[in-house]
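Asker: Submitted below is the structure of interest, expressed as structure tokens.
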Amino acid sequence: MLLNKIELIVLVKSIFFLLSLNAFSILSQRSPQNIDTNYVFDLPFAPGEKSMVMQGYNGSYSHQGQFALDFKAKKGTPIHAAREGLVYITESSHVKGGPKKKFLRLGNHIVIKHSDGTFAAYWHLLYKGALVKVGDTISKGQLIGLSGNTGYSSWAHLHFDVYYYSEGKQVTIPTLFKTTHGIKKLKVYHSYRKPIESQSAISKNIDKIEYHFQDASVPPLHHRSYSWIITETQLRFTANSYGTILKDTTIAISTIKWEQCKTAFLNCGIKNQKNIETNQGCTGGTSITIQTWLNEKENFFGTANKCGGKTVGNLSGNTEKFLSVIKEGVDPLVYQTN
Ligand SMILES: [Zn+2]
């Protein structure tokens, strides 16, 4: 049967339409619609840490055509997840690295898959520097590895990029980061600091807890400020009245007591995310500051001031319950000041 002219045109148009549908589906595969291009990443370091970008997007050294970042990081720098996800790849069996292409395949790395189908890669980790396993669920800010200089790398640094797969190839995408100066697209030779309040999952990796109470509200005679400093082996209590030391006692504690304090810190919902402006123009009042540390590096800092019936600061959670656990089982002679 012969087609008339109109039928032929309709047929040709249909074929073009079907072809264009196919082209559209290839395009949409290249740029999946569910990718969250406005996602705000955490800098991949510990809260409060600062790092310089040594090579940025499309860098001439090794980032041609890539949205990749190289952060300066000394060997052994703790690397924290920039975004939550599932561990997809870990490799940390390599020892060597250097500025030669022959080292390209020897870079230790971690890849984390995100909920929108993108992946984040963290490269050049230390030998045995991957602290997570394939399949682990990772929260944002979680410690995942230690940086190094393995693979194709001429200085100790962390290479970071985010990509999706298109026809089996990795396509990198630009990323936004939360910094102490707001949300930024990072530039080469600029330094950026990870804000302390961006810590969304409080680290269980702590070896020292400090609880400070500052008093400025009562008459001098009764004024008391005190501190509890707890480590894995010791508890130290100090108290002063306007700087005059009233008490400074250190006692040995058991591992169980330490674990109780650590668990209480985690279970009392103590967080530093509630960011309220500082208490300007209020004199007197009391304040509570809680800090935690690992290897002499602060990894939590929260403070709250009570003044004129208002509480301001970034510390939230049940601090009273936390203090009661610290005091539990401690001889009152240690902390009584009369
Ligand atoms: Zn790089």
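Asker: Which pairs do you get when a residue that is in contact (Cβ under 8 Å) with a residue 40 or more places away in the chain and closer than 10 Å to Leu126 by Cα, found in the stretch 72-83, comes within reach of a residue that is in a loop (DSSP other than H, G, I, E, B) and among the aromatic types (Phe, Trp, Tyr), reach meaning Cβ atoms under 9 angstrom, with the pair 6+ apart or on two chains?
Answerer: Cβ pairs passing all conditions: Thr77/Phe45.
Asker: A further question follows. Report, by residue number, each residue of the stretch 287-297 that is farther than 16 Å from Trp228 by Cα and not in a loop (DSSP other than H, G, I, E, B).
Answerer: The answer is Leu294, Lys297.
Asker: Determine which single condition Ser227 fails, assuming it passes every other condition in (1) in a loop (DSSP other than H, G, I, E, B); (2) at pLDDT 85 or above.
Answerer: Among (1) in a loop (DSSP other than H, G, I, E, B); (2) at pLDDT 85 or above, the lone unmet condition for Ser227 is (1).
Asker: Applying the selection to the stretch 179-191, what residues are in a strand (DSSP E or B) and modelled with pLDDT under 95?
Answerer: Residues satisfying the conditions are Thr179, Gly182, Ile183, Lys184.
Asker: Does any residue of the stretch 41-58 turn out to be touching a residue at least 60 places away in the same chain (Cβ under 8 Å), in a loop (DSSP other than H, G, I, E, B) and within 12 Å of the ligand (Cβ to nearest atom)?
Answerer: yes
Asker: Starting from residues that are part of a strand (DSSP E or B) and over 20 Å from Arg193 (Cα atoms), keep the ones in the stretch 63-87 and report whichever is farthest from the ligand (Cβ to nearest atom).
Answerer: Leu86
Asker: Considering each of Lys113, Lys102 in turn, give the residue that is modelled with pLDDT under 95, away from the ligand (no atom under 14 Å from the Cβ) and basic (Lys, Arg). Walk me through how you get there before you give the answer.
Answerer: On the way: Lys113 fails: modelled with pLDDT under 95.
One residue alone meets the criteria, Lys102.
Asker: Does the stretch 97-104 include one or more residues that are over 17 Å from Ser62 (Cβ atoms) and in a strand (DSSP E or B)?
Answerer: Scanning the stretch 97-104 turns up no residue that is over 17 Å from Ser62 (Cβ atoms) and in a strand (DSSP E or B).
The values are calculated or read from the model by the stated rules, or taken from the named source; none is laboratory data. Note that the coordinates shown come from a computational prediction; the quantities given were computed from them, not determined experimentally. Neighbour counts run over all protein chains shown; Cβ positions are idealised from the backbone, glycine included.
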